[in-house]
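Report on one structure; see the data block that follows.
The values are calculated or read from the model by the stated rules, or taken from the named source; none is laboratory data. It should be emphasised that the depicted structure is a prediction, and the values quoted were computed from it without experimental measurement. Cβ sites come from the backbone with ideal geometry, for glycine too, and all protein chains shown count toward neighbours. Please note that ligands, DNA and RNA were not included when accessible areas were found on the heavy atoms of the full protein model with its side chains. Shrake-Rupley method; radii C 1.70, N 1.55, O 1.52, S 1.80 Å.
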Amino acid sequence: MASEQIGYRGPTACAAAGITYRQLDYWARTGLVEPSVRPALGSGTQRLYSFRDVVVLKIVKRFLDTGVSLQNIRSAVRHLRERGFSDLERMTLMSDGATVYECTSPDEVHALLQGGQGVFGIAVGVVWRDVESALSQLHGERVDTGETLVGHNPADELARRRNRAV
């Protein structure tokens, strides 16, 4: 099953991203990271986050942990959203604490480091794999049927299909 067909409820997204439910709720209500699969539509409905949403949640958490302001994080997330989140796993996000930069090549990282000020980076591919690993231990939900998927990992599904074909 394609990972776009799987959504994650709030508590699962929190566990995989390492954030509190209060943070998740605040970020959704203020538009920082909204669930792309299903927003909360009144009381009783559950938000459903995509895999990419959870990766972005974890990136936001990492930036907060290193002291980047929520305002700067908002502009970085807005940039990622406008970019369409394509090639996210091959990107390095760098920050000097004031600004967040997208680097897609070693030359760009090197040029930023030449500036002389202290910077830190987030290799999004590492965050991607961390989230993938965490979600493989947690519950997902099929978007079309609402069926709960326990410990679902898209790579495992592919392996099961291959074994059935043999």
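Can you confirm whether Asp53 is among the charged types (D, E, K, R), buried (at least 19 other Cβ atoms within 10 Å of the Cβ) and not in a loop (DSSP other than H, G, I, E, B)?
Working: among the charged types (D, E, K, R): yes; buried (at least 19 other Cβ atoms within 10 Å of the Cβ): yes; not in a loop (DSSP other than H, G, I, E, B): yes.
Taking the combined requirement at face value, the residue satisfies it.
Identify the residue in region 101-118 that is touching a Gly at 6+ places or on another chain (Cβ under 8 Å) and not in a strand (DSSP E or B) and, among all such residues, is surrounded by the most Cβ atoms within 10 Å (Cβ to Cβ).
Applying the first criterion (touching a Gly at 6+ places or on another chain (Cβ under 8 Å)) to region 101-118 yields 103, 109, 118.
Of the ones still in play, those that are also not in a strand (DSSP E or B) are 109, 118.
Working: Val109: 17, Gly118: 9.
If we take residues in region 101-118 being touching a Gly at 6+ places or on another chain (Cβ under 8 Å) and not in a strand (DSSP E or B), then Val109 is surrounded by the most Cβ atoms within 10 Å (Cβ to Cβ).
Please work out which one of (1) open to solvent by less than 50 Å² (accessible area, probe 1.4 Å); (2) aliphatic (A, V, I, L, M); (3) assigned to a loop (DSSP other than H, G, I, E, B); (4) farther than 21 Å from Gly140 by Cα is the condition Ala98 fails and give its number.
It fails just one condition, (1).
Can you go through Leu57, Leu70 and tell me which one is within 18 Å of Trp128 (Cβ to Cβ) and touching a residue at least 12 places away in the same chain (Cβ under 8 Å)?
Working: Leu70 fails: within 18 Å of Trp128 (Cβ to Cβ).
Criteria check complete, one pass: Leu57.
Restricting region 56-73 to residues that are part of a helix (DSSP H, G or I) and out of contact with any helix residue (DSSP H, G or I) (no Cβ under 9 Å at 6 or more places or on another chain), which is modelled with the highest pLDDT?
Quick first cut of region 56-73, residues part of a helix (DSSP H, G or I) only: 56-65, 70-73.
After this cut, where a residue has to be out of contact with any helix residue (DSSP H, G or I) (no Cβ under 9 Å at 6 or more places or on another chain) as well, the list is 65, 71.
Working: Asp65: 91, Gln71: 87.
Per the stated criteria, the residue is Asp65.
Look through region 119-146, keep the residues that are in contact with a Gly (Cβ under 7 Å, 6 or more places away or on another chain) and open to solvent by 60 Å² or more (accessible area, probe 1.4 Å), and return whichever of them is modelled with the lowest pLDDT.
Across region 119-146, the extreme among qualifying residues is Val143.
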